[in-house]
Amino acid sequence: MPFEIDHTSPVPLHAQIEEKLRTLLNKPEYQDGKMLPKEVELAKLLGISRNTIRQATNKLVYEGLLVRKKGVGTKVAGKAVSTKLSSWLSFTQEMNEKGIPFNNYEIEVEWVRAGKDIGNYFSISPNKSVLRMSRLRGLEEGPIVYFISYFHPRVGLTGKEDFTQPLYKILEEQHATKVAVSKEEISAIAAEDWIAEKLDVPIDSPILFRKRFVHDPGDRPVEYNLGYYRSDNFTYSIEIKREKD
């Protein structure tokens, strides 16, 4: 048995289990993929209900520290990156703020025809040329996200900027364009062959797809961004505060 609990303690049993599990997760054998003891086994050994065990593990699963697979068991989650919608920054700024080193695996910039969707969003002709930038980014272990960005011609980007730097810093400092609002649409999709190859995942595996519509303080469109995330390496964390009655 990896740990014990104190049934006479005023600390709730599920909180004790959670604390012990957090300690357990840092042990090398569990970091290397060893499965945690089964809930039913822990419940019997500790003399508590299975629901109490589940209450503790549910919180750790929600935080992305544990991965639970039906019929298999529960184990420590692999290294993952998360982002909060309540603290919107460019990917570069957010990763730097978290102290997470990341790699730019690909950066491609080209002028393309806007097309119907981009033209409608920017309120320009579909035949108008817009700057398209695509970036494959991730950790040392491999790519985790592929971004495709289209920029309104008004912004003045030339395509010669150093896009290894924070994007919104480039826009503000070099092109006097400050971004103020990000409107998001998030969904789960099956990876088509081209994005599966980019993210190094099996074809048809689930990935996170996000559309981002970026506006300036005057609510004018600046960027139309598509993001494709590996669902096993990335978490979108949303924090919502309830308005007072």
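The values are calculated or read from the model by the stated rules, or taken from the named source; none is laboratory data. Please read all numbers here as calculations on a predicted model, not as lab measurements. All Cβ positions, even for glycine, are placed from backbone atoms using ideal geometry, and neighbour counts span all protein chains on display.
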Entirely in segment 163-242, the strands (runs of 3 or more DSSP E) that have 1 or more residues that are at pLDDT 90 or above
181-190, 206-215, 221-230
Under the condition of being of a type in the set (K, R) and farther than 17 Å from D219 by Cα, which residue from segment 145-184 is surrounded by the most Cβ atoms within 10 Å (Cβ to Cβ)?
K169
Identify the residue in segment 107-131 that is touching a Ser or Thr at 6+ places or on another chain (Cβ under 7 Å) and among the charged types (D, E, K, R) and, among all such residues, is surrounded by the most Cβ atoms within 10 Å (Cβ to Cβ).
R113
Hits in segment 17-40 (condition: polar (S, T, N, Q) and surrounded by fewer than 13 Cβ atoms within 10 Å (Cβ to Cβ))
T23, N26
Only one of these conditions is not met by V112: (1) more than 15 Å from Y224 (Cα to Cα); (2) assigned to a strand (DSSP E or B); (3) among the hydrophobic types (A, V, I, L, M, F, W, C). Which number is it?
(1)
Among the residues of segment 185-207, write down those that are surrounded by 13 or more Cβ atoms within 10 Å (Cβ to Cβ) and under 30 Å from P217 (Cα atoms).
I186
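Which ones in segment 17-47 are assigned to a loop (DSSP other than H, G, I, E, B) and not polar (S, T, N, Q)?
Hits for segment 17-47 are K27, D32, G33, K34, L36, P37, K38, G47.
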